[in-house]
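One structure is given below, encoded as C-alpha cells.
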Amino acid sequence: MAATLIPPHVAPRPEETAPAAGAPTVSFVSLGCPKALVDSERIITRLRAEGYALSRRHEGADVVVVNTCGFLDSAKAESLSAISEALAANGRVIVTGCMGAEPASITDRFPQVLAVTGPQQYEQVVAAVHDAVLPVLADLTAASARFGGYAPRLGNALDRVRAGSTDWFDKPTIDSYHAVWFELHEDLLATLGLDRASESTEE
C-alpha cells in the first residue's frame, strides 16, 4: 500500500501558544509526511514541558527549528527553502528531520545553522534549543556578573525534567525551567529600568 504523503507546503504548523511572561520562544516549521509530523509533535511537547512557548513568527523568536523532509527532490527543495527563510528572518536555526541524517547536505549550504540532527532525535533537538539560548546568558553575564547564576540553574532544571522528575510540579522551592526564565526576565527588566507595561509599549 502506497504511503500517503502530506506535501510540505500544506503541512500544518504547530498551534501558537501565548508565551508566559519571560518564557523563551521557539518558532517551529514542520515539513513532510505524517511520520515527520509525529516527530514534530513529540519535540514540541518536550519543549513546552521545559518552559518554551511557540511562535508562528521567526522574527523575535529565540530560535527557529526546521523539521525537514527528504523523501522527494521537491520536498528537499522545500526544506532548503524553509531553512534559508528562517536564517534570513532570524539567524538562529536548528535543523532536524530526514535531511539531518546527512548533515553535510545542510551544513555545506548553510554553515551558519546552530545544529543538525536526524529524525527521531528528540533529546538532541531539545538540547540544541537549550544550547542556542545560552550565548544570550553569556552576553548578559559579560555585562553584569550577577547574571552568571542563571545558566547553571537552567541546566539543572532541564536535567531534572529529562530524568523524569516531577518535583518542580509539587515543590515550589525547586526551580522549574520556566521559573528560572521568568526570574531572569524580571531581573533584566529591572536592570534596564523597565517594567512589563513599558516593555509592552516598546513592542
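The values are calculated or read from the model by the stated rules, or taken from the named source; none is laboratory data. If you're wondering where the values come from, they're calculated on a predicted model, not measured in any experiment. Please note: Cβ atoms are built from the backbone with ideal geometry, for glycine as well, and neighbour counts cover all protein chains shown. What goes into the accessible areas is simple: the full protein's heavy atoms, side chains included, and nothing from ligands, DNA or RNA. Shrake-Rupley method; radii C 1.70, N 1.55, O 1.52, S 1.80 Å.
The stretch between residue 38 and residue 120, if pulled fully straight at 0.36 nm per residue, gains 28.6 nm over its current Cα-Cα span. Think of each Lys and Arg Cβ as +1 and each Asp and Glu Cβ as -1; about the Cα centre, that makes the dipole of the stretch 32-77 roughly 100 debye.
Our coupling estimate for the stretch 51-64, obtained by passing each phi through the Karplus curve with A = 6.51, B = -1.76, C = 1.60 and θ = phi - 60°, is x, 7, 10, 9, 10, 7, 10, 5, 4, x, 6, 6, 7, 10 Hz, Gly and Pro reported as x. Along the axis of the charge dipole computed for the stretch 90-148 (Cβ charges of +1 for Lys and Arg, -1 for Asp and Glu, origin at the Cα centre), the listed residues 98, 133, 116 are led at the positive end by 133.
Which whole-number value in Å² is the accessible area per residue of the stretch 38-126, probe 1.4 Å? With all protein chains present, the stretch 38-126 gives 45 Å² per residue.
A simple packing score, the average count of other Cβ atoms within 10 Å per residue, orders the peptides 140-146, 47-53, 93-99, 111-117 as 93-99, 47-53, 111-117, 140-146, with the highest score first.
The accessible surface of the stretch 35-88, taken with every protein chain in place and a 1.4 Å probe, is 50 percent carbon and sulfur. Each residue of the stretch 73-89 was assigned a 3J(HN,Hα) from its phi angle through the Karplus curve 6.51 cos²θ - 1.76 cosθ + 1.60 (θ = phi - 60°); the sequence is 4, 5, 5, 4, 4, 5, 5, 5, 5, 5, 5, 4, 5, 5, 5, 5, 7 Hz, with glycine and proline shown as x. Between residue 110 and residue 191, full extension at 0.36 nm per residue minus the direct alpha carbon distance yields a gain of 25.6 nm.
Backbone geometry of the stretch 116-127 corresponds, through the Karplus equation with coefficients 6.51, -1.76 and 1.60 at θ = phi - 60°, to 3J(HN,Hα) couplings of 10, 10, x, x, 6, 9, 4, 5, 5, 5, 4, 5 Hz, x marking Gly and Pro.
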